[in-house]
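The values are calculated or read from the model by the stated rules, or taken from the named source; none is laboratory data. Treat the numbers as computed from the prediction; the structure is a model and nothing was measured. As a convention, Cβ positions derive from the backbone with ideal geometry for all residues, glycine included, and neighbour counts pool all protein chains shown. We work out accessible area using only protein heavy atoms, side chains counted, and drop any ligands, DNA or RNA first. Shrake-Rupley method; radii C 1.70, N 1.55, O 1.52, S 1.80 Å.
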Amino acid sequence: MLKFDEGKVLKNMEGALRLRPQINEVIDDIFSRGFSNICWLGIGGTYASAMQAVVHMKERTELETFYENAAVFLTTGNKRVTKDTFVVISSVTGSTEEVVQAVKKCKEIGAKVLGFIDKADTELASLVDYLISYPLNEQLKFFMVGDRFMYLAGEFAEYDEFYSEMDQHFAKGIVEVEKAADEFGKEFAKKHHEDAIHYFVGAGNQWGATYSYAMCYWEEQHWIKTKSIEAHEFFHGMFEIVERDTPVTIYITEDTQRALSERVARFIPQICGNYTIIDAKDYDVPGISEKFRGALSPFILHAVNNRIDVHVEQINRHPMEIRRYYRQLDY
């Protein structure tokens with residue numbers, strides 16, 4: 001299988017799950033101290049993960065939780081961020097300028113900040129109140145934070161059951177999803193690697209990932225033009241530019257917003273012959289109960305996207321780590 005290190009993927013996923021005791025220690029401390037709300041702060045891909053965390057929580061909890069863009073926070077502020085706010089950030093490099101400055105602003109306000117920062121020796125790592133340093137699996141880390149808050153608030157009675165299944169089966173299950181999706185990823189890449197533009201449609205806990213996949217993967221890393229659209233907004237303008245040969249991919253989750261994407265999937269054959277439906281339900285994750293699969297849809301679909309990416313990279317002979325402008329120029 002092209003560029004698939006099964007052992008590495010398994011190790012990374014299991015390693016992220018093993019962060020849960022550290023995460024719980026932080027959240028338990030914050031909960032005991034008291035807090036007014038939870039702010040997920042990011043930019044680019046981390047902003048997308050913040051969107052997903054809020055969707056994951058908002059139908060389950062009465063806790064106030066919201067996401068904020070770091071650059072907008074610096075220019076406009078947000079009165080909901082106070083000394084009693086708990087802020088969650090994530091950073092690979094620990095040097096994203098907007099996030100560094102936004103965390104400094106949070107500290108001036110007096111908010112407590114948890115940072116998932118891959119590089120522990122950076123300025124950003126020194127600024128946060130709670131530091132957890134481990135690479136990859138950002139969305140999983142964020143979901144573990146949200147789940148612990150909801151458990152402590154008495155809103156997640158199945159917490160122990162859920163994480164028992166996760167610890168035993170999830171990492172192996174995601175590896176099997178990637179393996180099962182490889183041939184699909186190869187054919188998808190062959191068909192779409194030279195698209196003039198590609199439209200990605202998503203909803204629910206997959207919307208942030210859809211936004212990120214279009215912008216941070218296809219545009220930033222593959223240099224292919226895209227547009228991401230929320231499924232519930234598809235019928236309010238965007239579908240007027242879809243024609244017979246327009247490339248459209250629709251992600252369907254197993255969460256409560258599944259029906260929004262299904263509506264698009266039912267409609268699209270009337271106007272387009274170049275659409276693809278990627279449904280989390282098509283991929284088995286043995287050992288995970290049906291009732292929990294909705295929360296895991298983004299991870300399943302991310303595994304599918306991983307297989308698309310390696311094949312696009314191979315066909316186009318364009319390594320995904322190359323950037324024309326990002327961190328190459330001053331901006």
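Restricting attention to the stretch 177-203, which residues are in a loop (DSSP other than H, G, I, E, B) and open to solvent by 10 Å² or more (accessible area, probe 1.4 Å)? Can you show your working first?
Narrowing the stretch 177-203 to residues in a loop (DSSP other than H, G, I, E, B): 193-197, 203.
Those that are in a loop (DSSP other than H, G, I, E, B) and open to solvent by 10 Å² or more (accessible area, probe 1.4 Å): His193, Glu194, Asp195, Ala196, Ile197.
Hey, can you tell me all the residues within the stretch 246-257 that are closer than 17 Å to Phe235 by Cβ, within 17 Å of the chain's Cα centre (by Cα) and either open to solvent by less than 10 Å² (accessible area, probe 1.4 Å) or not polar (S, T, N, Q) (or both)?
Ile250, Tyr251, Ile252
Looking at the stretch 130-171, which of its residues are acidic (Asp, Glu) and over 21 Å from Leu63 (Cα atoms)? Please lay out each step first, then the result.
Step one: list which residues in the stretch 130-171 are acidic (Asp, Glu), which gives 138, 147, 155, 158, 160-161, 165, 167.
Glu138, Glu161, Glu165, Asp167 - these are the residues of the stretch 130-171 that are acidic (Asp, Glu) and over 21 Å from Leu63 (Cα atoms).
Collect the residues in the stretch 281-311 that are closer than 20 Å to His198 by Cβ and not basic (Lys, Arg), keeping them in residue-number order.
Taking the stretch 281-311 and keeping what is closer than 20 Å to His198 by Cβ, we get 298, 301-311.
Pro298, Leu301, His302, Ala303, Val304, Asn305, Asn306, Ile308, Asp309, Val310, His311, listed by residue number.
Does Pro319 satisfy being open to solvent by 70 Å² or more (accessible area, probe 1.4 Å), closer than 23 Å to Asp182 by Cα and not in a helix (DSSP H, G or I)? Give the derivation first.
On the way: open to solvent by 70 Å² or more (accessible area, probe 1.4 Å): no; closer than 23 Å to Asp182 by Cα: yes; not in a helix (DSSP H, G or I): yes.
Spelling it out, it is not the case that Pro319 is open to solvent by 70 Å² or more (accessible area, probe 1.4 Å), closer than 23 Å to Asp182 by Cα and not in a helix (DSSP H, G or I).
I'd like to know if the stretch 271-290 contains one or more residues that are of a type in the set (Phe, Trp, Tyr), assigned to a loop (DSSP other than H, G, I, E, B) and either open to solvent by 20 Å² or more (accessible area, probe 1.4 Å) or touching a Pro at 6+ places or on another chain (Cβ under 6 Å) (or both).
Restricting attention to the stretch 271-290, the residues satisfying the condition of being of a type in the set (Phe, Trp, Tyr) are 275, 283.
Still in the list and also assigned to a loop (DSSP other than H, G, I, E, B): 283.
Among the residues that remain, those that are also either open to solvent by 20 Å² or more (accessible area, probe 1.4 Å) or touching a Pro at 6+ places or on another chain (Cβ under 6 Å) (or both) are: 283.
There is at least one residue in the stretch 271-290 that is of a type in the set (Phe, Trp, Tyr), assigned to a loop (DSSP other than H, G, I, E, B) and either open to solvent by 20 Å² or more (accessible area, probe 1.4 Å) or touching a Pro at 6+ places or on another chain (Cβ under 6 Å) (or both).
Specify which of the listed residues (Phe31, Phe4, Phe35) is more than 20 Å from Ile117 (Cα to Cα), open to solvent by 10 Å² or more (accessible area, probe 1.4 Å) and assigned to a helix (DSSP H, G or I).
Numbers: Phe4 fails: assigned to a helix (DSSP H, G or I); Phe35 fails: assigned to a helix (DSSP H, G or I).
Testing whether each residue is more than 20 Å from Ile117 (Cα to Cα), open to solvent by 10 Å² or more (accessible area, probe 1.4 Å) and assigned to a helix (DSSP H, G or I) leaves just Phe31.
Starting from residues that are of a type in the set (Lys, Arg) and touching a Ser or Thr at 6+ places or on another chain (Cβ under 9 Å), keep the ones in the stretch 77-116 and report whichever is least open to solvent (accessible area, probe 1.4 Å).
Filtering first and then ranking leaves Lys112.
Is there a residue being among the hydrophobic types (A, V, I, L, M, F, W, C) and in a strand (DSSP E or B) anywhere in the stretch 52-72? If you could, list the steps in order and put the result at the bottom.
Going through the stretch 52-72, the residues among the hydrophobic types (A, V, I, L, M, F, W, C) turn out to be 53-55, 57, 63, 66, 70-72.
Within this subset, residues satisfying the condition of being in a strand (DSSP E or B) are 66.
Scanning the stretch 52-72, I find at least one residue that is among the hydrophobic types (A, V, I, L, M, F, W, C) and in a strand (DSSP E or B), so the answer is yes.
Output the residues belonging to the stretch 256-289 that are touching a Leu at 6+ places or on another chain (Cβ under 9 Å) and over 18 Å from Ile308 (Cα atoms).
Answer for the stretch 256-289, where residues must be touching a Leu at 6+ places or on another chain (Cβ under 9 Å) and over 18 Å from Ile308 (Cα atoms): Val285, Ile288.
Using the structure shown, decide if Val242 is touching a Cys at 6+ places or on another chain (Cβ under 6 Å), of a type outside the set (Asp, Glu) and either open to solvent by 20 Å² or more (accessible area, probe 1.4 Å) or in contact (Cβ under 8 Å) with a residue 40 or more places away in the chain (or both).
On the way: touching a Cys at 6+ places or on another chain (Cβ under 6 Å): yes; of a type outside the set (Asp, Glu): yes; either open to solvent by 20 Å² or more (accessible area, probe 1.4 Å) or in contact (Cβ under 8 Å) with a residue 40 or more places away in the chain (or both): yes.
Taking the combined requirement at face value, the residue satisfies it.
Quick one: in the stretch 204-235, of everything that is touching a Leu at 6+ places or on another chain (Cβ under 7 Å) and not small (Gly, Ala, Ser), which residue is farthest from Ile315 (Cα to Cα)?
If we take residues in the stretch 204-235 being touching a Leu at 6+ places or on another chain (Cβ under 7 Å) and not small (Gly, Ala, Ser), then His232 is farthest from Ile315 (Cα to Cα).
Confirm whether Gly94 is free of Cβ contacts under 8 Å to residues at least 60 places away in the same chain and more than 20 Å from Phe31 (Cα to Cα). Outline the logic, then answer.
Working: free of Cβ contacts under 8 Å to residues at least 60 places away in the same chain: yes; more than 20 Å from Phe31 (Cα to Cα): yes.
Considered against the rule, which asks whether it is free of Cβ contacts under 8 Å to residues at least 60 places away in the same chain and more than 20 Å from Phe31 (Cα to Cα), Gly94 comes out as yes.
Looking at the structure I just gave you, is Lys227 in a helix (DSSP H, G or I) and either surrounded by fewer than 19 Cβ atoms within 10 Å (Cβ to Cβ) or among the acidic types (Asp, Glu) (or both)? Even if it seems obvious, please write down each step before you answer.
On the way: in a helix (DSSP H, G or I): no; either surrounded by fewer than 19 Cβ atoms within 10 Å (Cβ to Cβ) or among the acidic types (Asp, Glu) (or both): yes.
No, not satisfied.
So how many residues does the stretch 117-172 have that are of a type in the set (A, V, I, L, M), assigned to a loop (DSSP other than H, G, I, E, B) and open to solvent by 50 Å² or more (accessible area, probe 1.4 Å)? Show your work before the answer.
Here is the first cut: in the stretch 117-172, the ones of a type in the set (A, V, I, L, M) are 117, 120, 124-125, 127-128, 131-132, 136, 140, 144-145, 150, 152-153, 157, 166, 171.
Narrowing further to those that are assigned to a loop (DSSP other than H, G, I, E, B): 120, 128, 136, 153, 157.
Filter once more, keeping what is open to solvent by 50 Å² or more (accessible area, probe 1.4 Å): 120, 136, 157.
Qualifying residue count, the stretch 117-172: 3.
Specify the residue that is surrounded by the most Cβ atoms within 10 Å (Cβ to Cβ); the eligible residues are those in the stretch 60-76 that are in contact (Cβ under 8 Å) with a residue 12 or more places away in the chain and more than 22 Å from Ile23 (Cα to Cα). Even if it seems obvious, please write down each step before you answer.
As a first pass, look at the stretch 60-76 and keep what is in contact (Cβ under 8 Å) with a residue 12 or more places away in the chain: 60-71, 73-74.
Now narrow it down to the ones that are more than 22 Å from Ile23 (Cα to Cα): 69-71, 73-74.
Details: Asn69: 19, Ala70: 24, Ala71: 16, Phe73: 22, Leu74: 16.
Once the filter is applied, the top-ranked residue is Ala70.
What are the residue pairs meeting all of these: first residue in the stretch 191-211, first residue farther than 13 Å from Thr276 by Cβ, second residue part of a loop (DSSP other than H, G, I, E, B) and of a type in the set (S, T, N, Q), Cβ atoms under 6 Å, and 6 or more apart or on different chains?
Here the result reads Ala203/Gln257; Gly204/Thr253; Gly204/Gln257; Gln206/Thr253, each pair linking the stretch 191-211 to a residue that is part of a loop (DSSP other than H, G, I, E, B) and of a type in the set (S, T, N, Q).
Here are the criteria: (1) polar (S, T, N, Q); (2) in a helix (DSSP H, G or I); (3) touching an Asp or Glu at 6+ places or on another chain (Cβ under 8 Å). Tell me which single one Asn305 does not satisfy.
If we test Asn305 against (1) polar (S, T, N, Q); (2) in a helix (DSSP H, G or I); (3) touching an Asp or Glu at 6+ places or on another chain (Cβ under 8 Å), just (3) comes out false.
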